[in-house]
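To keep things clear, I will list the structure first and then write my remarks on it.
Only the coordinates and a few stated rules stand behind these numbers; no lab work does. Model, not experiment: these values are computed from the prediction. Quick reminder, even Gly has a Cβ in these numbers, built from the backbone with ideal geometry, and neighbours come from all protein chains shown.
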Amino acid sequence: MSATIQITDSSRQSAGILSTAVISPDMHRRNEAINALGECQNGPIREFISYPPNLDDISRTLGNNYDIVLVDLDSDPEYALDLVESISTRGLATVMVYSEQKDPDLLLKCMRVGAREFLTLPIDTGAMSEALDRASALRKTLRPSNKASGRLLVFLSAKGGSGATTLACNYAVSLAQESQQRTLLIDLNLPLGDAAINLGIKAEYSIVTAFQNSSRLDAHFLSNLLVQHSSGLFVLAAPSELAPTFVSADVIDKLLEVACQDFDYVVVDAGSRLDLQRKHLFDESATVYLVTQVGIPELRNSHRLIAQLSAEGSPKLEIVINRYDPRSMEIDEEHITKVLTRPVSWKIPNNYAAVRRMQNTATPLTEDDSPISQAIRQMTRSICGQPAIPEKKKKFSLFG
């Protein structure tokens, strides 16, 4: 392998434009990547006509001069993967790879070593443009690794069908919008979660991919599993097919630890999982929203869960009454408080039509200025330190 590296540079035309390096020993593949880049952006493009001969010198070779490094996989796939991992672990640049092979196994290997994008030859200009957009957005959100751990917010259903998934999805969207900070929704409602369907997104990978590759799970790997919603919310979806319900506590803990290191807020739809020994899900640093309804089975289950979640070292617990309608309640609030042993924190109004419309159209409830959307926004604003929304004054009417 030649140690000679030839560099060419196109002029930088404006501040903040991405600077890119293309590494490929093959002239034709290298030129194709450069041409695709040139059609999508005007930033400086440098070409390396061989792989760096020594990975230990990669920091000196690349320095901090590039936003993106585009690596050809096909000339020497094994060495190229080592190169991608070396660049990624040193944090030198965002790494993209390209290949003539449409191989899912190769794609997964690239993700594991830190590649952010996988492009297939011939490179489509649209695909390249979208990859550059994501890389640009990523650079704006990169922060020092020593940042404070993100907040963990867990939605737990007292009984199946209580609406925890609907609340978790809309709460996460609202939190991303209200806080304007990096927010992640994890669908842990196995074996079949509905978060992706509720939000109208299609996920190529799921939480099962994270579990199956837990030994390589880090921020880079996790980022490749996520889908971004139009609200800015990131989503780690549940699988679209039936998945195993047993996952070791250690694997879940590692996923949550990695997520909280990279995001300001991590919202988890835990469904009605009653295995409350999860270290991170239910430790004192988390906030658990226990979602229940006004019914004997739901309140009975809530009473039992509250007893378990109230021990020393347990999470902050907030009770959420979903589908709340004071006109049709057969149990008054005094008895509800007595059964729950504590006051209710949040009451989400009953609005079947709005929820059904959200599920059918994948339009978040927060898009409408309704009592239910206001209640959810109040919850998220309390978490991110925003002032409460003033209650609307009822208009006087002679007709009542």
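Output the 0 to 90 degree angle, nearest 10, between the alpha-carbon long axis of helix 296-309 and the longest principal axis computed from the alpha carbons of the chain.
60
Check which residues have an amide H placed less than 5 Å from PHE263's amide H, if you skip close sequence neighbours.
Under 5 Å from the amide H of PHE263: GLY150.
First check a/c for segment 205-258, with a ≥ b ≥ c the square roots of the eigenvalues of its C-alpha gyration tensor; if it is under 1.5, answer rounded, and if not, answer prolate when a/b is larger than b/c or oblate otherwise.
Numbers: a/c = 2.02, a/b = 1.28, b/c = 1.58.
Here segment 205-258 falls in the oblate category.
Using helices alone, what [θ] at 222 nm do you get for the chain, with -39,500 (n - 2.57) per DSSP H run of 4 or more residues, divided over all residues and rounded to the nearest 500?
Theoretical 222 nm ellipticity from helices: -11500 deg cm²/dmol.
What relative contact order, as a whole-number percentage, does segment 151-383 give when Cα pairs under 8 Å and 6 or more residues apart are counted?
28
Return the long-range amide H neighbours of ALA21 (sequence gap of 5 or more, or a different chain), with a cut-off of under 5 Å between placed amide H atoms.
ARG46, ILE68, VAL69, LEU70
Taking 0.36 nm per residue of sequence separation and subtracting the Cα-Cα distance, how much length would be gained by fully extending the chain between THR341 and SER215, in nm to one decimal?
41.2 nm
Compute the separation of the alpha-carbon centres of segment 292-331 and segment 28-85 and state it in Å as a whole number.
With segment 292-331 and segment 28-85 each reduced to a Cα centre, they are spaced 56 Å.
Once label points are set 7 Å from the Cα along Cα→Cβ at both GLN177 and ARG304, what is their separation, rounded to one decimal in nm?
A separation of 3.7 nm, rounded to one decimal place.
Just tell me which aspartates and glutamates come within less than 15 Å, Cα to Cα, of LYS109; anything on the same chain fewer than 8 places away is out.
ASP72, ASP74, ASP76, GLU78, ASP82, GLU85, GLU117, ASP218
How do the peptides 169-176, 22-29, 64-71 rank, highest first, by the average count of neighbouring beta carbon atoms within 10 Å per residue?
In decreasing order of mean packing, 169-176, 22-29, 64-71 become 169-176, 64-71, 22-29.
Calculate, for ASP325 and SER231, the FRET efficiency according to 1/(1 + (r/R0)^6) with r their C-beta to C-beta distance and R0 35 Å; round to the nearest 0.05.
The calculated FRET efficiency here is 0.80.
Pairs of Cα atoms under 8 Å, at least six residues apart: use those to get the relative contact order of the chain, whole percent. List each step's numbers first, then the result.
Details: 715 pairs, mean separation 56.8, N = 400.
Relative CO of the chain lands at 14 percent.
Longer than 23 Å from Cα to Cα, which of LYS159/LYS338; LYS254/LYS347; LYS102/LYS254; LYS102/LYS202; LYS159/LYS202 are they? Say none if no pair is.
Among LYS159/LYS338; LYS254/LYS347; LYS102/LYS254; LYS102/LYS202; LYS159/LYS202, the Cα-Cα distance tops 23 Å for LYS254/LYS347; LYS102/LYS254; LYS159/LYS202.
Where does each of 328-341, 248-261 land if you order them by average Cβ count within 10 Å, highest first?
Ranked from most to least packed, the peptides come out as 248-261, 328-341.
Name the residues whose placed amide hydrogens come within less than 5 Å of the amide hydrogen of ILE49, ignoring near sequence neighbours (fewer than 5 apart) on the same chain.
Those qualifying (amide H under 5 Å, at least 5 residues apart or on another chain) are GLN6.
Rounded, prolate or oblate: which fits segment 54-140, taking a ≥ b ≥ c as square roots of the Cα gyration tensor eigenvalues, rounded meaning a/c under 1.5, else prolate when a/b beats b/c?
oblate
Could the peptides 154-160, 351-357, 262-268 be put in order, highest first, of the mean number of other beta-carbon atoms found within 10 Å of their residues?
262-268, 154-160, 351-357
Could you work out the percent of alpha carbon pairs in the chain separated by over 34 Å, rounded to a whole number?
39
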